[in-house]
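For reference, the structure discussed in these notes is given below.
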Ligand SMILES: *Cc1c(COP(=O)(O)O)cnc(C)c1O
């Protein structure tokens, strides 16, 4: 076969795609942070107040976690050298799993290399082509992609809408073998909580499994920091809890907590656990140290809750101010994630840039990640009231 004109560059579409992304104000780029994580950080050579971190308890820079990671690295090395089934694991891995199970009051737990992989592997292991997945419209990307990977029939229900969920179950549950309902417990880009008690009831009624993603709730909600389940008094209910070691626990990795049978099954069937290298000794030891802090220092959680209440009050006043009343809206939240909705991506970006000039680091979240543009503020136990005041002053200045 002869080719008369040279083939077009198969990668040229990338440039055109980037132009489109820029035009829609959807372009993202990464900024460089220096020093230890905390409420005050150095961002692109400037000291700023940090409202863009998921380090809710301020543990990612805690010296106890740092020391635990260093000690484990000295003793066990930097890498885990292979998957746990093939290369063996460390007693540290099991200690961490037992500590998670104890915190969550479940029979057992399994740690994955990330929360994302925990969701992908668990969902893909639990359901297949003959099954039905019902997923909240606002669920995290890892839940949505886990559902796709499973090749089950996937239906989305309206955000936190038990009536819609029930309607879809009535219609479609009978045609499927197993059914799995998926929900964030704290919605990561909004900060509101799932209606867990209603969802547990509906799951029981329709013979469906329920998986909740406690990524933003673990260490944060509940008297002992066990998460949303504890917050709603649902500890011990039969469901599947997934979460991450990378948010309030200040490390890296993910986990699933549940019954002995569930965990034993996942060890045999979850591809993102079987075919990936075990968590590093440093990450494992740091997470274990963090769980000890969660258990021993409830005052950190209380400080975080106080910060949440204080900032929520100030933001409510700000969103009701004459200058912003029409265009800014504080989204409902019961977590350290507080979002100010803005009328469009360009405004959100502009406010974000103005804040950075005023020494505040906050995330602007835009479509396609979320349906409406917003400024996403996250709180830490280690923010002081002065920090919160400085944020409000900067927000007021950026309105003018
Ligand atoms: C962050 C997050 C994850 C992913 O956890 P990683 O450990 O960062 O991969 C999963 N689910 C939700 C809801 C999250 O917010």
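The values are calculated or read from the model by the stated rules, or taken from the named source; none is laboratory data. What you see is a predicted model, and the numbers here were worked out from it, not measured in a lab. Cβ sites come from the backbone with ideal geometry, for glycine too, and all protein chains shown count toward neighbours.
Per-residue answers, yes or no, for (1) over 25 Å from residue 370 (Cβ atoms); (2) not in a helix (DSSP H, G or I):
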{"site": "6", "(1), (2)": "yes, yes"}
{"site": "15", "(1), (2)": "yes, no"}
{"site": "18", "(1), (2)": "no, no"}
{"site": "38", "(1), (2)": "yes, yes"}
{"site": "48", "(1), (2)": "no, yes"}
### Query
Among the numbered criteria (1) buried (at least 22 other Cβ atoms within 10 Å of the Cβ); (2) at positive phi, which single criterion is violated by residue 272?
(2)
#### Entry: Single residue of 128, 158, 146, 115 found to be surrounded by fewer than 21 Cβ atoms within 10 Å (Cβ to Cβ) and in contact (Cβ under 8 Å) with a residue 24 or more places away in the chain
128
#### Entry: Segments classed as strands (runs of 3 or more DSSP E), wholly inside the stretch 328-387, with at least 3 members that are under 22 Å from residue 301 (Cα atoms)
337-341, 374-378
### Task
Output the residues belonging to the stretch 65-88 that are loosely packed, with under 14 Cβ neighbours inside 10 Å and not in a helix (DSSP H, G or I).
77, 78, 79, 81, 82, 88
### Message
Checking the structure you have, find out if any residue of the stretch 5-19 is surrounded by 10 or more Cβ atoms within 10 Å (Cβ to Cβ), modelled with pLDDT of 90 or more and under 30 Å from residue 387 (Cβ atoms).
### Response
no
